[in-house]
Amino acid sequence: MVKYLADLSKLEFSEQKLEETAGQMTDIINLMDTVKEIDVTYDAYKDNHDVFLPELRCDSVVPSMATDKIVSNAVSSDNCFVVPKVVE
Amino acid sequence: MELKDMKLRDMRKALDSKQISSAELAKGYFDNIKKYDGEIKSYITVTEELAMQQAAAAQDIINKGEAKPLTGIPIAVKDNICTKGVKTTCASKILENFIPPYDATVMEKLNAQNIVMLGKTSMDEFAMGGSTQTSAFAKTVNPYNKGCVPGGSSGGSAAAVSARLAPIALGTDTGGSIRQPASFCGVTGIKPTYSRVSRYGLVAFASSLDQIGAIGLDAHDCGLLLNAICGFDIHDGTSAREDVPDFTSTIGESMKGVKIALPKEYFADGIDDEVRETVMKAAQQYKAMGAELVDCSMPSLKYAVSCYYLLACAEAASNLSRYDGIKYGHRTSTDCDSYEELIVRSRSEGFGDEVKRRILLGNYCLSSGYYDAYYRKALALRQLVRKEYNDIFEKCDIILTPTAPTVAYSPEKTADPVSMYQADICTVTVNIAGLPAISTTCGYDKNGMPIGMSLIGKKFREQDIIKAADAFEQGFTPVLPKM
């Protein structure tokens, strides 16, 4: 299960670390299981009824950050992000 | 007056009356940082050169008689708040070299008042922890006992204020990360109502719970910093359009008739005897001031830690999926044959163990087959916690609880994740319900370690808890850490 979660999470662990993490995750999930003891139902309307649509931003074009700033923390070339070759 | 005794309002007077210059004030703190921070390790980045430039600019404004409340005041900033041109690491290797190209809204607001930034303070990696021991760069120690943790995740901010390496600091609080370190380090910390302060430029951990706040020497100073950072922001759709009052305006008003509720579950087994007794003693002091103590109950507290970790980790797993080694952040130096491999290697090298555990838990509770049993159940529990708070607040104005079950402990005790999670029991419900809360010191244990109490307020009623915390502080003599 932890190996599957690691794949989902885009993480890799050494065999030893995976075993250690699996043990910790078992303890953590046992703690999380306490929520199963109580019978409550989620009411999605209650959480979302106060979203006031007129207060959302207008769908209009505004200046955005300059490209050189956006790539300033990345490996870049000609103001583009560089990734490994993905097509032959 | 010595630097260690100066509150923000003393500094304002001293600056405006030219008893001290902004540069001299900043230099006093940098001297302290040079002298003590090698041991305390509260800062990840010290920004002395920038600060002296800011102090000069602030002084020009002060000289013209145009100072705003925080002009020329030195401030430390938690390292998960974006500062344009200044490294913002989140105490994580994955952001070790990240230099934000923009300022967080809180920094824009503070810079508009010409503050002087002393540096960026240490924290648990991505604010995930209660000890500052998951920091990849500076495992801060407690100024009261260097063999103990300062709490977390804003442990650097709390320790810096406690050790007089900053007069005030910005912190962030997702599950107690301002209040618990403030309690452990013997200072005051306020988490405002969710949505009071814009989260734009705050590196996201759990977006429905994160909130920026203040850690200072007392409630009055925290209120002054809040005055500067609250308010609606077009860049944060969750920020509130509520009016921002002067949070210090109620300070000094009588506590007579104020109803303070004491939920019995917060004083039950699991809370250290000395902590319980000290907080109860503080409650009696409020009674002596004319406040009325009200008994109440919060049965959902039993499920609060699980509810919090399910929600927080689900959100963290989503938020941290942005770290791919491509747009910004650590990129593996290993040659990768595929896009997938680049992402997996970069993330695995960049994130620490606790962050990885929380991503795994988040993805677990969001997975098909587990979503209803865990995540949706946690959403339902959040509604129950909010309802219980609403019911309690029908009978009272403020809720009083311990800030943490224990005083600060040794770093060895942080090895077990489950016991660390359980230690958040006193603080997480405030974030789950989006309420404001302040922690202030109410006593010391037999070893001289600070004990904090939390005052929880109604939504958007920060001034109530600031007033109450100040009322207690006026009759309390803090014991400073021996440096």
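Counting only helices (runs of 4 or more DSSP H) that sit completely within region B:375-449, those holding 1 or more residues that are among the acidic types (Asp, Glu) and at pLDDT 95 or above correspond to B:377-393. Criterion first (more than 7 Å from every other protein chain (Cβ to nearest Cβ) and either touching an Asp or Glu at 6+ places or on another chain (Cβ under 8 Å) or open to solvent by 90 Å² or more (accessible area, probe 1.4 Å) (or both)) does residue A:76 satisfy it? Here the answer is no, as residue A:76 does not meet what is asked. Specify the residue that is surrounded by the most Cβ atoms within 10 Å (Cβ to Cβ); the eligible residues are those in region B:197-238 that are free of Cβ contacts under 8 Å to residues at least 40 places away in the same chain and within 14 Å of chain A (Cβ to nearest Cβ). Ranking the candidates gives B:232 first. Report whether or not residue A:15 is free of Cβ contacts under 8 Å to residues at least 40 places away in the same chain, farther than 20 Å from residue B:345 by Cβ, more than 7 Å from every other protein chain (Cβ to nearest Cβ) and not aliphatic (A, V, I, L, M). Here the answer is no, as residue A:15 does not meet what is asked. If you go through region B:72-102 and keep only what is closer than 19 Å to residue B:132 by Cβ and open to solvent by 10 Å² or more (accessible area, probe 1.4 Å), you end up with B:87, B:93, B:96. Scan region B:294-317 for residues that are open to solvent by 20 Å² or more (accessible area, probe 1.4 Å), more than 11 Å from every other protein chain (Cβ to nearest Cβ) and in a helix (DSSP H, G or I) and jot them down. Result: B:315, single match.
Here is a yes/no grid of residues against (1) free of Cβ contacts under 8 Å to residues at least 60 places away in the same chain; (2) under 24 Å from the mean Cα position of the chain (by Cα); (3) facing another protein chain (nearest Cβ under 7 Å); (4) open to solvent by 80 Å² or more (accessible area, probe 1.4 Å):
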| site | (1), (2), (3), (4) |
| --- | --- |
| A:4 | yes, yes, no, yes |
| A:8 | yes, yes, yes, yes |
| A:23 | yes, yes, no, no |
| A:36 | yes, no, yes, yes |
| A:39 | yes, no, no, yes |
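Here residue B:241 meets the list (1) within 11 Å of chain A (Cβ to nearest Cβ); (2) surrounded by 20 or more Cβ atoms within 10 Å (Cβ to Cβ); (3) of a type outside the set (Ser, Thr, Tyr) almost entirely, failing just condition (2). Being of a type outside the set (D, E, K, R) and either part of a helix (DSSP H, G or I) or touching a Lys or Arg at 6+ places or on another chain (Cβ under 9 Å) (or both) is the requirement here; does residue B:364 meet it? Yes, satisfied.
Exactly one residue out of B:26, B:58 is in a helix (DSSP H, G or I), open to solvent by less than 20 Å² (accessible area, probe 1.4 Å) and within 30 Å of residue B:132 (Cα to Cα): that is B:26.
The values are calculated or read from the model by the stated rules, or taken from the named source; none is laboratory data. Bear in mind the structure is a predicted one, so any value in this text is a computation, not a measurement. So basically every Cβ, Gly included, is an ideal-geometry build from the backbone, and we count neighbours across all protein chains shown. The protein model used for the area step is the full one, side chains on, heavy atoms only, and it has no ligands, DNA or RNA in it. Shrake-Rupley method; radii C 1.70, N 1.55, O 1.52, S 1.80 Å.
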